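Below: the structure, in structure tokens.
The values are calculated or read from the model by the stated rules, or taken from the named source; none is laboratory data. All values reported here derive from a predicted model rather than from experimental measurement. A quick note on method: Cβ atoms are made from the backbone with ideal geometry, for glycine too, and the neighbour counts reach across all protein chains shown.
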């Protein structure tokens, strides 16, 4: 009795129309496989199949959303009817409603989100994972343990439609390879990991390379000590810099701004960072991990400048929050099956600069190179940041020794005003594409002093 | 068995189909297997700007089939509950086992639970939406009336109900009906352009009336407003090593990160925990006894049975400073030659079980909390935290306070902002010099993440003094 996702979607939208309401719906169907190998032996083989459909109805300015994994027509009818009832119990909210259908569009072709004919077998994946783990453990004899090497792959299809007649769909695939070697030196354990994550299997880094980087990162952290409490220049590697970009993007999310839970509220047009600093969200990157042809409300994707030359350009907005703030949607609606749309990022990017990471490290006399951040220490309302960190100490332009059990603290505004260098090395294998960043001064808290 | 009727009634999955699927899972060289059926309903409400603007309802059901052979796990899940997809999942999961034998035949026997830690007359999912909206509206009005500086109030309410059926390798069929709800109130205050937020809330596996009993929501409103107002005057946190006093309740997140995670059996079996091989060793002062207890009625972290069908229990992790035991699921217990402790949990049928905490806390000591504060010459007093994180291999953990104060000459003085505490699991409790008599469990808002899986947990702590911890502020 298997119905297609498109049939389910059309059934739901017809029921919404028949009830005299408007609405939109999103259907997702995906399969994925994960294989994990640890110390050469197979640890886990896991396969999933997931399907579901979510609907949003508008009864005038009252709305509600609901979702189900049960796609029998009778269950879908119950879903729509219950959602209509719930909408009528909910407060009317000015500005609620679908986007103008004239603005909707399936977006550009050519994003190449789906690899063609890439049917990785479980056996192939086990071999890849083994090769990556072997390569990691071969880097240093002190790497004797492992949390495993994991290969995952899968694809999913998203179908979107509105009761007003718009419909579009796209399919994306995802492949990843991650290795986590562990060093054991006299019972003192050190762990780090590295991953390659790509839309297309053919774009993945080789298992040997992923393993080598994971091994080198872990080995470089062996014997880490804490640091003295001090104020010094701080360099963030691309992965760690991503946490700062996300903190800025969260503060520029229309929903945070409207609730007053943003230190960047009411600051469009203000300079908050040095010239040369550009933050943007780009859903149109070919083969990008966060790329998509249209947003969660059927509006065609586009690149959004958030900060240009240090000056705030715009917020991230969906239709509702845009109307509320008197601005057009930036086509940034993010949406899963279960909840109402909200605003969010796709591929969040900091435009690369010209300095190589080695040049940036070379410019530091005495400072910290952060390779990992821990914890939940960013306050979006105030912009205060206080996080656990680990990394390498820099002395006279060279990596000196590993450090851990330290904290870094400051304020995002003073931090980005003191941005001294932007690397040429944005992280391509993430939905957060940030390069190495160097800041003039942060407080480093450590066990000494 | 009435509880399994949803499988039969809605999906025609009767006992003969379950028995044959189990037989297929046990085919070949298999040490253990299970089928985990789940039907879940989730409801979310969000009040913002004075109105409940958003509500959502979601329903999801499916089955996860698991086969264990040696150290190997085969897992497959599907949300299409029909015999064809079930058998396909079983075959996929079983592919990791060495083949040979024919299907096993194990007859099923139903078992009624011995206890119900969360018996409810009406599961909160079935309370009318209008009643939920009415409560959130009252909370909004009360919060705005508490202080003229309150500029916005958001209230997040989530309610769920899960119906679980577990078919185990020995043929036992176990059922559990799990209600759960959680409310979080966030207040934004503003004064002269200075904006701060404060949060409080609670919940549990209980009836909807819990929120209004004993003045609970009124107290949460006061706490949220007070936390925000206090932070208006917060000064820079100090940085460096100093004495730290943790308040009762939620600051138990320290134990969750520093002790609980590194004692999970999987890390210890794999040799990737900072506590490997330390059972029987002193890891804390003798004032410290830490337990994980999934048997406390109505708590967010409590379960009648874990997600492998094992009854939960109280497990002693540290007794008077000595490391006692691990938290186990069936796989890790079997491979380490231990007994499972009823800590095999999973986020949903789509996830492989792992050793996870339930409610983790330190038993009460004998000190008067006021004496503990008076004993500190210069340090910090932390009563509220956002959350924490641990790297289990090195044992390094971190958590960030959202409500903390300086202690100067034994007195609690200025509020501080952005204080992150960092430390090392096997070391931190060796610096505990006083434990209060005021053990409190958190009020039911905690969610623990591990390997991409989230599960609800509880935390608890009496007031404790830690003589030395690294505080990461901005003031040097």
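Restricting the search to strands (runs of 3 or more DSSP E) fully inside region A:326-411 and requiring at least 1 residues that are modelled with pLDDT of 90 or more and within 14 Å of chain B (Cβ to nearest Cβ) gives A:366-374, A:384-395, A:398-411. A residue that is touching a helix residue (DSSP H, G or I) at 6+ places or on another chain (Cβ under 7 Å), in contact (Cβ under 8 Å) with a residue 24 or more places away in the chain, within 12 Å of chain A (Cβ to nearest Cβ) and more than 30 Å from residue A:34 (Cα to Cα) cannot be found anywhere in region B:430-452. Within the option set A:149, A:132, being within 14 Å of another protein chain (Cβ to nearest Cβ) and touching a helix residue (DSSP H, G or I) at 6+ places or on another chain (Cβ under 7 Å) holds for one residue only, A:149.
For region A:179-202, a residue qualifies if it is more than 9 Å from every other protein chain (Cβ to nearest Cβ), under 30 Å from residue A:225 (Cβ atoms) and out of contact with any strand residue (DSSP E or B) (no Cβ under 8 Å at 6 or more places or on another chain), and the qualifying residues are A:185, A:186. For residue B:360, the criteria (1) assigned to a loop (DSSP other than H, G, I, E, B); (2) over 26 Å from residue A:446 (Cβ atoms) hold in every case but one, which is (1).
Of the strands (runs of 3 or more DSSP E) contained entirely in region A:153-233, those carrying at least 3 residues that are more than 23 Å from residue A:129 (Cα to Cα) fall at A:167-185. Residue A:22 meets the conditions (1) at pLDDT 95 or above; (2) closer than 21 Å to residue A:321 by Cβ; (3) within 10 Å of chain B (Cβ to nearest Cβ); (4) over 29 Å from the mean Cα position of the chain (by Cα) in every case but one. The failed one is (3). With respect to (1) part of a strand (DSSP E or B); (2) over 19 Å from residue A:409 (Cβ atoms); (3) modelled with pLDDT of 95 or more, the lone exception for residue B:390 is condition (3).
Residue check: is residue A:247 outside any strand (DSSP E or B), within 30 Å of residue A:447 (Cα to Cα) and within 14 Å of chain B (Cβ to nearest Cβ)? When the stated conditions are applied, residue A:247 passes them.
Each residue in region A:74-99 was checked for being more than 10 Å from chain B (Cβ to nearest Cβ), out of contact with any helix residue (DSSP H, G or I) (no Cβ under 7 Å at 6 or more places or on another chain) and not in a loop (DSSP other than H, G, I, E, B), and 3 pass.
Here is a yes/no grid of residues against (1) outside any helix (DSSP H, G or I); (2) out of contact with any helix residue (DSSP H, G or I) (no Cβ under 7 Å at 6 or more places or on another chain); (3) over 22 Å from residue A:294 (Cα atoms):
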position	(1), (2), (3)
A:16	no, no, yes
A:34	yes, yes, yes
A:37	yes, no, yes
A:43	yes, yes, yes
A:52	yes, yes, no
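To keep it simple, each residue is scored yes or no on (1) touching a residue at least 12 places away in the same chain (Cβ under 8 Å); (2) more than 22 Å from the chain's Cα centre (by Cα); (3) within 17 Å of residue B:22 (Cβ to Cβ).
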{"position": "B:105", "(1), (2), (3)": "yes, yes, yes"}
{"position": "B:110", "(1), (2), (3)": "yes, yes, yes"}
{"position": "B:114", "(1), (2), (3)": "yes, yes, no"}
{"position": "B:158", "(1), (2), (3)": "yes, no, no"}
{"position": "B:164", "(1), (2), (3)": "yes, no, yes"}
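Scanning region A:165-186 for residues that are on the phi > 0 side of the Ramachandran plot and touching a residue at least 24 places away in the same chain (Cβ under 8 Å) gives a single hit, A:165. Counting only helices (runs of 4 or more DSSP H) wholly contained in region B:1-107, the ones carrying 3 or more residues that are crowded, with 19+ Cβ neighbours inside 10 Å occupy B:15-25, B:83-94.
Could you tell me whether residue A:123 is free of Cβ contacts under 8 Å to residues at least 12 places away in the same chain, closer than 30 Å to residue A:217 by Cα and either in a strand (DSSP E or B) or within 12 Å of another protein chain (Cβ to nearest Cβ) (or both)?
Numbers: free of Cβ contacts under 8 Å to residues at least 12 places away in the same chain: yes; closer than 30 Å to residue A:217 by Cα: yes; either in a strand (DSSP E or B) or within 12 Å of another protein chain (Cβ to nearest Cβ) (or both): yes.
Criteria met by residue A:123.
With respect to (1) in contact (Cβ under 8 Å) with a residue 40 or more places away in the chain; (2) more than 8 Å from chain A (Cβ to nearest Cβ); (3) in a strand (DSSP E or B); (4) surrounded by fewer than 24 Cβ atoms within 10 Å (Cβ to Cβ), the lone exception for residue B:413 is condition (1).
In region B:171-212, which residues are more than 29 Å from residue B:401 (Cβ to Cβ) and not in a strand (DSSP E or B)? Steps first, answer last, please.
Looking only at region B:171-212, we keep the residues that are more than 29 Å from residue B:401 (Cβ to Cβ), and these are B:171-179, B:207-209, B:212.
The answer is B:171, B:207, B:208, B:209, B:212.
Is there a residue being facing chain B (nearest Cβ under 9 Å) and not in a strand (DSSP E or B) anywhere in region A:425-447? Looking for residues that are facing chain B (nearest Cβ under 9 Å) and not in a strand (DSSP E or B), one finds at least one in region A:425-447, hence yes. Tallying residues that are out of contact with any helix residue (DSSP H, G or I) (no Cβ under 9 Å at 6 or more places or on another chain) and assigned to a loop (DSSP other than H, G, I, E, B) within region B:338-351 yields 7. Condition check: outside the structural domain of residue B:211 (by TED's automatic domain parsing), free of Cβ contacts under 8 Å to residues at least 40 places away in the same chain and in a loop (DSSP other than H, G, I, E, B). Does residue B:119 satisfy that? So residue B:119 passes the test.
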